[in-house]
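The values are calculated or read from the model by the stated rules, or taken from the named source; none is laboratory data. All of these numbers come straight from a predicted model, not from anything done at the bench. Here Cβ is always computed from backbone atoms with ideal geometry, including for glycine, and neighbour counts include all displayed protein chains.
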Amino acid sequence: MNKTITTITVALCAALAAACASKAPAPSASSGDKSTFVVGYSQSNNAEPYRAQLNLQLQHYLKKYPDIELLPIADARQSSATQVSQVQNFITQKVDALIVSPTEPAPLTAAVEQACAAKIPVIVLDRTVNTDCYTAFIGGDNVLIGKKAGEEALRLLPDGGNVVELRGIMSNQPQIDRDKGFREAIAANPTIKIIADREAKWLKEQATPIMQQWLAQHEKIDLVYGHNDPMALGAYLAAKAAGKADSIKFIGIDGLAIPDGGIRAVQLGQLSATFIYPTGAQEAAETVNKILHGQPVEKQQVLGTTQVTKDNAAELYKQYDLSGQN
Amino acid sequence: MTAVRTPPPVKARGENRMRRTLSALGAAQAYIGLVLILAVGIATKGEIFLNETNLTNAVGAFASRGILAVGVTLVILTGGIDLSVGSLLGIASMTAAMMLARFSLEPWQIVPICMVVGAFFGFLNGAGTTWLRIQSFVMTLAMLSVVRGLDRQVSDNVSVGTQIAGPDGKLTPQAEAFQVFGTPGHNLFDRIYYPVLAFIVVCIVFHLILTKTRFGRHVYAVGGNPTAARLSGVNVTAVTIAVFTLSGMLAGFAGPIDAAYSASADPQAGQSYELDAIAAAVIGGASLAGGKGTIAGTFVGALILTLLDNVLGLNAVSDNWQLVIKGLIVVVAVVLQRPDLFTFLRGGSRS
C-alpha cells in the first residue's frame, strides 16, 4: 500500500515537473542571441467573452512575427492579488516584454513599476495604472463610446422619451465612463429622461429580472441602454416576453464578432445599435514588435469605436471574426 | 446561570399550555418571513406586485437556484455541504447549449444528458467525501474550481447562444422547442412557465422521498448521528454518495433552465449560486450541523429570497441597500427559526 502511494507521488511530481518545464521555455537562454523574443501577457479574466476575443486576436496577430514567442496567457481570474504575482513571475522569468490588462489600477501599479525597474518594457492594455513608468498604453475610450451611444439615443428619440440604464459593476472604470459619456450626450435633449438605472453586473441573467420589474413599474419605456450587449439582450428577452420589444429601442456596447455577440444581435434587429469596444490586440502586437526591435512607439494610443448598424453589421462581423483562423 | 433552577410545580400546567401554544407558533415560524414580505409587497406596490406575471417572473428568475437549493438541502441534512452546485449548473447549462448548437438534439434528449453530467460530478463529490475521507467542504470547494475550469475550457470562454437560426432565418425546430425551458415569454401549453413548474415538482418529489421512504429516514439518521446510524444498520457511505449524486443530478437538471432563461450559456453562469442555494436552505430552517431541515422549508426560503429581491426592486431600493437588507434578512430568518426562540423571549434561557 505504502509503495503504491510512493509510486503515485513520484509519478505526480514527475508529471508536474514536466508540465512546468514545457510551460517555461527558458527565456533567459534565448535572450543571449536575441534571435527570438519572449513576451508575457497577464490577462485580468479569461472568462469574459470580450477578453477571450482579445486573447484570440493577440495570439493571431503575434503569429505574424515569427521571432516573437508569446508565453501561455496568464489568467488572473479577476483577482488583483493573483495578477500581481503573475506579473512578478514574468519579471522573474526575465521576459523581453510584458503586456498587462490590469484588473484594477491601484494594485497593479506597484507590479508595473517593478517590471519597469527590471528594465522590462510594459504595454498596458485596456485599463490604466497609476504610474507613468510604462512604455505604451493602448485602450479604448469609454467616455467617447458612452457619448456615441447617447448621440444614438438622441437620434432614436427625437421627441424625447424614457430611458432605462443597465449598469456594469458599479466600481468598474468602464461602467463609470460609459455612464458619464451617455449622460453628457443626452443632456442635449432635456425631454429624454433616465427614469431608472440599476447594476446588472455585466450579466445577461441579471438584466432580465431587472427589466421585468421595470416593465411592471413603468408605463412607458422607450429605450434601454446597456453598458454591454449581454445586458441589453437580457432586457430584450424580458421586453419580448411582455410583448413590448417592438416599441422599445435597445443600445448595447462591445460588438463582439461571435455567434452570441452584439453584431449578430444588430443584424437580427434585436439591438438598434452597438458600439465596438476595440480589443487593441492588433495595435498591441504591432507595438510590441516595434519595442523589441528598438523602434519608437507612441506612448498613449487611444482607440476609436465603430458604430454597428444593420447596414454594416455583416461586413464588420466578417472583418472581426477570427474563428477558424487560429 | 450557576444557580440551579427548580421549576415551580404549581405553574406546571400553565406552562405546559404555554409551551404548546408556543410550539404551534414555532411551526408557523418558517412562514413569518414570507408573510411579512408578501405584506410589504402588497402594501407598497399592490397590483403591480400581486399579479400572476410579476410573481411568475420573480419565481422563474430564482427557479434554477431553487432546484440547486433542494439538492444542497439533501447534503446539508446528512451533515455535509455542497459548494460545487453553481459550477455544476454552469457546466450543465453549457452542455445543454452545446448539445443544441452542435448536434441539434431534441430537448427531451438534452435534459437526461445534462442530468448524467451533473450526477457524474456529484458522484465524484460523494466518492471523495466517503472513500478518500475528504471533508465535504473541501471536496466540493475543489470540485467548484475543477468544474468551472472544465466549463471554461470546453466553451473557449465564449458564451453559446440557444436561439439557433436555420438556413431560412427562422429558429430551428429544436431551438424553438428548447425555449420552453425558460426563455421569458415561452410557456408550456401557452400557460405554464416551465422553470416554476419544474421547481415545484422537484420540491414535491424530494419532499416525498425524504418523508415517505426508507432512504429519506436514513438521510436524517446519518445527519443526526452517523455512528448511531451505522450501528443500526444504515449504510452511511451509500447514503452519503447518494445525496451528493442527487445534488449533482439536480444541478444538471437545472442547467437547461439556466441556458434557456438567458437564451445563452455563459461560461460564468451559476457563479456564486451555491451561496443563494445554501441561503435558501438555511432560511428554510436547515441546520448546517445536519439532521434538521425540510424541503418545504427550503421552498419557503427560496420564495423569501426571490420575493424580497422583487419587492426591493419594484420599490427602487438602491442596489447597495439591497445587499445590506438581504444579509440582514438571513440573520433574522435564522433567529426566527430557533425552536427555543419563544423560551428565550420569555426570559427563560437554557444554558
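Output yes when any residue across the range A:254-267 is modelled with pLDDT of 95 or more, at negative phi and of a type in the set (S, T, N, Q), and no when none is. No, the conditions are met nowhere in the range A:254-267.
Does residue B:220 satisfy being in contact with a helix residue (DSSP H, G or I) (Cβ under 9 Å, 6 or more places away or on another chain), among the aromatic types (Phe, Trp, Tyr) and closer than 30 Å to residue A:259 by Cβ? No; evaluated as a whole, the condition is false for this residue.
Could you list all residues from the range A:255-272 that are more than 8 Å from chain B (Cβ to nearest Cβ), crowded, with 24+ Cβ neighbours inside 10 Å and in contact with a strand residue (DSSP E or B) (Cβ under 6 Å, 6 or more places away or on another chain)? Selection gives A:255, A:262, A:263, A:266, A:271.
Which members of the range B:161-179 meet the condition of being touching a Lys or Arg at 6+ places or on another chain (Cβ under 9 Å) and within 12 Å of chain A (Cβ to nearest Cβ)?
Applying the first criterion (touching a Lys or Arg at 6+ places or on another chain (Cβ under 9 Å)) to the range B:161-179 yields B:161, B:176.
B:161 - this is the single residue of the range B:161-179 that is touching a Lys or Arg at 6+ places or on another chain (Cβ under 9 Å) and within 12 Å of chain A (Cβ to nearest Cβ).
Looking only at the range B:227-264, residues that are without any contact (Cβ under 8 Å) to a residue 12 or more places away in the chain and in contact with a strand residue (DSSP E or B) (Cβ under 8 Å, 6 or more places away or on another chain) come to 0 in all. Taken over the range B:219-250, residues that are in a helix (DSSP H, G or I), surrounded by 18 or more Cβ atoms within 10 Å (Cβ to Cβ) and aliphatic (A, V, I, L, M) amount to 11. Does residue B:216 count as surrounded by 16 or more Cβ atoms within 10 Å (Cβ to Cβ), within 14 Å of chain A (Cβ to nearest Cβ) and among the small types (Gly, Ala, Ser)? Answer is no for this residue.
To keep it simple, each residue is scored yes or no on (1) modelled with pLDDT of 90 or more; (2) surrounded by 17 or more Cβ atoms within 10 Å (Cβ to Cβ); (3) in the same structural domain as residue A:157 (by TED's automatic domain parsing).
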| position | (1), (2), (3) |
| --- | --- |
| A:283 | yes, yes, no |
| A:287 | yes, yes, no |
| A:290 | yes, no, no |
| A:302 | yes, no, no |
| A:309 | yes, no, no |
| A:313 | yes, yes, no |
| A:318 | no, no, no |
| A:321 | no, no, no |
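Starting from residues that are facing chain B (nearest Cβ under 8 Å) and more than 19 Å from residue A:308 (Cβ to Cβ), keep the ones in the range A:195-207 and report whichever is surrounded by the most Cβ atoms within 10 Å (Cβ to Cβ). I'd like the intermediate steps shown before the answer.
Step one: filter the range A:195-207 for residues facing chain B (nearest Cβ under 8 Å), giving A:196, A:198-199, A:203-205.
This time we only want the ones that are more than 19 Å from residue A:308 (Cβ to Cβ), so: A:196, A:198-199, A:203, A:205.
Numbers: A:196: 19, A:198: 21, A:199: 20, A:203: 20, A:205: 25.
It comes out as A:205.
Scanning the range A:228-238 for residues that are more than 9 Å from chain B (Cβ to nearest Cβ) and not polar (S, T, N, Q) turns up A:229, A:231, A:232, A:235, A:236. Free of Cβ contacts under 8 Å to residues at least 40 places away in the same chain, more than 14 Å from every other protein chain (Cβ to nearest Cβ) and more than 24 Å from residue B:195 (Cα to Cα): does that describe residue B:99? Taking the combined requirement at face value, the residue does not satisfy it.
What about residue A:185, is it within 14 Å of chain B (Cβ to nearest Cβ) and of a type in the set (A, V, I, L, M)? Taking the combined requirement at face value, the residue does not satisfy it.
Please count how many residues of the range A:55-64 are in contact with a strand residue (DSSP E or B) (Cβ under 7 Å, 6 or more places away or on another chain) and either of a type in the set (Val, Ile, Thr) or within 10 Å of another protein chain (Cβ to nearest Cβ) (or both). Write out each step before concluding.
Restricting attention to the range A:55-64, the residues satisfying the condition of being in contact with a strand residue (DSSP E or B) (Cβ under 7 Å, 6 or more places away or on another chain) are A:55, A:58-59, A:62.
Narrowing the set further to residues that are either of a type in the set (Val, Ile, Thr) or within 10 Å of another protein chain (Cβ to nearest Cβ) (or both) leaves A:55.
The qualifying residues number 1.
For the range A:208-218, the count of residues that are more than 22 Å from residue B:41 (Cβ to Cβ) and either within 8 Å of chain B (Cβ to nearest Cβ) or of a type outside the set (Asp, Glu) (or both) is zero.
Filtered by the rule that a residue be over 18 Å from the mean Cα position of the chain (by Cα) and either of a type in the set (Val, Ile, Thr) or over 15 Å from residue A:292 (Cα atoms) (or both), the range A:123-140 gives A:130, A:131, A:132, A:133, A:135.
For the range A:135-253, list the helices (runs of 4 or more DSSP H) that sit wholly inside it and hold at least 1 residues that are farther than 28 Å from residue B:54 by Cβ, touching a His at 6+ places or on another chain (Cβ under 7 Å) and outside the structural domain of residue A:125 (by TED's automatic domain parsing); which are they?
On the way: elements: A:142-156, A:173-186, A:204-217, A:229-241.
Passing ranges, in order: A:173-186.
Residue B:79 fails exactly one of the following numbered conditions: (1) in a loop (DSSP other than H, G, I, E, B); (2) closer than 26 Å to residue B:329 by Cβ; (3) free of Cβ contacts under 8 Å to residues at least 60 places away in the same chain. What is the number of that condition? If we test residue B:79 against (1) in a loop (DSSP other than H, G, I, E, B); (2) closer than 26 Å to residue B:329 by Cβ; (3) free of Cβ contacts under 8 Å to residues at least 60 places away in the same chain, just (3) comes out false.
Taking residue B:129, is it more than 19 Å from residue B:270 (Cα to Cα) and part of a helix (DSSP H, G or I)? Steps first, please.
Working: more than 19 Å from residue B:270 (Cα to Cα): yes; part of a helix (DSSP H, G or I): yes.
Here the answer is yes, as residue B:129 does meet what is asked.
Checked against (1) modelled with pLDDT under 95; (2) more than 14 Å from every other protein chain (Cβ to nearest Cβ), residue A:249 passes all but a single condition, namely (1).
For the range A:44-101, what are the residues that are more than 25 Å from residue A:294 (Cα to Cα), at pLDDT 90 or above and in a loop (DSSP other than H, G, I, E, B)? Across the range A:44-101, there are no qualifying residues. So, of the residues in the range A:172-194 that are of a type in the set (Lys, Arg) and surrounded by fewer than 21 Cβ atoms within 10 Å (Cβ to Cβ), which turns out to be farthest from the chain's Cα centre (by Cα)? For the range A:172-194, the residue satisfying everything is A:193. In the condition set (1) farther than 19 Å from residue A:232 by Cβ; (2) in contact (Cβ under 8 Å) with a residue 12 or more places away in the chain, residue A:295 is compliant with all but (2).
For the range B:140-158, the candidate set comprises residues that are under 25 Å from the mean Cα position of the chain (by Cα) and not hydrophobic (A, V, I, L, M, F, W, C); within that set, the residue that is farthest from the other protein chains (Cβ to nearest Cβ) is B:140. Name the residue that is farthest from the other protein chains (Cβ to nearest Cβ), counting only residues in the range A:35-54 that are closer than 15 Å to residue A:123 by Cβ and out of contact with any Ser or Thr (no Cβ under 6 Å at 6 or more places or on another chain). The qualifying residue farthest from the other protein chains (Cβ to nearest Cβ) is A:37.
Among the residues of the range B:300-316, those that are surrounded by 15 or more Cβ atoms within 10 Å (Cβ to Cβ) and either on the phi > 0 side of the Ramachandran plot or more than 10 Å from chain A (Cβ to nearest Cβ) (or both) comprise B:300, B:301, B:302, B:303, B:304, B:305, B:307, B:308. Evaluating residue B:190 against the criteria (1) surrounded by 15 or more Cβ atoms within 10 Å (Cβ to Cβ); (2) farther than 30 Å from residue B:272 by Cβ leaves one unmet condition, (1).
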